[in-house]
Each structure stands twice: as structure tokens, then as C-alpha cells.
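Heads up: the structure comes next, in C-alpha cells.
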Amino acid sequence: MGANADMVAFVLARLADEEHVALAAGGDRWRCPADVPGEVHDRTGGVAFTVRGRGFDEHIALQDPARTLERIETNRVMLGEYVEVADLDTDRPAEDFRSGRAVGLGFAVRQLAAEYAGHPDYQARWLPRFIQ
């Protein structure tokens, strides 16, 4: 995987960080009961959050630990696919299917890495490339 191994390791480490937080929060799916606007409940019916106004409750409920864990798993699947062809993800790829797959997946993985651009270990060289 060569030069892209550190980018993959970086993204996997950030996903592991998020997974740890989601599991510590119970890994549950949250919901907003219609009869108590502003409250976000966990699966037991306990109040996970109380916020008033401007739709914060619905936004927070969409960020529930269960959804986070699902997103992490789908991102790990994509990273696994990328690892298979990462050595072909170069600035001057060949014009074959595997190279095209590598560049396309590489773009997606760079987008994932960019979500963590504020992390001190993020490297600007991982910014998505736009190749024609």
C-alpha cells in the first residue's frame, strides 16, 4: 500500500476513537418523542438530552451512537476495498479498471480523512486530488 498506508491508518484510528465514544454512550439509537418536544431519549426511554428550540433535538437524535457505529462500519468496508488497490492510487494512474478503482476509492478515502483535518496528525498531502 506504500505511501497511502499512513492515511489509511490515520482514518482507522479516528474511526476507532469515534467508536469508543459511541460505545461509551451506550451504542443505543435515540429518538425524539412527539409528546415531549426538545427531549432526546435512549432506547430505555431515559432522557439522553434536553434541549429547547430550533430543532436541536432532532439533529442530536440523528447523531445517536447506533448510527455512528453503522457509519463507522461502512467506512471500514470502504477502507478495506481501498487497501486492496491503494498502491495503484497515484498522481498518474494507468488507464485500466483497477487503477480507476484505486483513484476513485482514493478520492473517497481522502474525503474521509479530510473530515478530521483539525486533528494534529492530519497531513495536508492527503487532500483530495482532482485529476483529469
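The values are calculated or read from the model by the stated rules, or taken from the named source; none is laboratory data. All of these numbers come straight from a predicted model, not from anything done at the bench. Note that each Cβ is placed from the backbone with ideal geometry, even for glycine, and that neighbours are counted across all protein chains shown. Side chains are part of the model used for accessible areas, which takes the heavy atoms of the whole protein and leaves out ligands, DNA and RNA. Shrake-Rupley method; radii C 1.70, N 1.55, O 1.52, S 1.80 Å.
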### Query
In the set 113, 124, which member is without any contact (Cβ under 8 Å) to a residue 60 or more places away in the chain and either open to solvent by less than 80 Å² (accessible area, probe 1.4 Å) or of a type in the set (Phe, Trp, Tyr) (or both)?
124
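Can you tell me which residue is farthest from residue 19 (Cα to Cα) among those in the range 58-73 that are touching a Cys at 6+ places or on another chain (Cβ under 9 Å) and open to solvent by 30 Å² or more (accessible area, probe 1.4 Å)? Give the steps one after another, and end with the answer.
Just the residues of the range 58-73 that are touching a Cys at 6+ places or on another chain (Cβ under 9 Å), to begin with: 58, 60-61.
Subset that is open to solvent by 30 Å² or more (accessible area, probe 1.4 Å): 58, 60.
Details: 58: 21, 60: 17 Å.
So, considering only residues that are touching a Cys at 6+ places or on another chain (Cβ under 9 Å) and open to solvent by 30 Å² or more (accessible area, probe 1.4 Å), the one farthest from residue 19 (Cα to Cα) is 58.
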### Query
If you scan the range 23-57, which residues turn out to be surrounded by 14 or more Cβ atoms within 10 Å (Cβ to Cβ) and charged (D, E, K, R)?
28, 29, 31, 39, 42, 43, 57
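When you scan the range 114-132, how many residues do you find that are over 15 Å from the mean Cα position of the chain (by Cα) and in a helix (DSSP H, G or I)? Please lay out each step first, then the result.
Here is the first cut: in the range 114-132, the ones over 15 Å from the mean Cα position of the chain (by Cα) are 120-121, 123-132.
If we keep only those that are in a helix (DSSP H, G or I) too, we end up with 124-126.
Of the residues in the range 114-132, 3 are over 15 Å from the mean Cα position of the chain (by Cα) and in a helix (DSSP H, G or I).
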## Note on the structure
Counting only residues that are touching a helix residue (DSSP H, G or I) at 6+ places or on another chain (Cβ under 9 Å) and over 13 Å from residue 11 (Cα atoms), the range 74-99 contains a total of 13
### Query
Can you name the residue in the range 75-110 that is touching a residue at least 60 places away in the same chain (Cβ under 8 Å) and over 13 Å from residue 4 (Cα atoms) and, of all such residues, is least open to solvent (accessible area, probe 1.4 Å)?
75
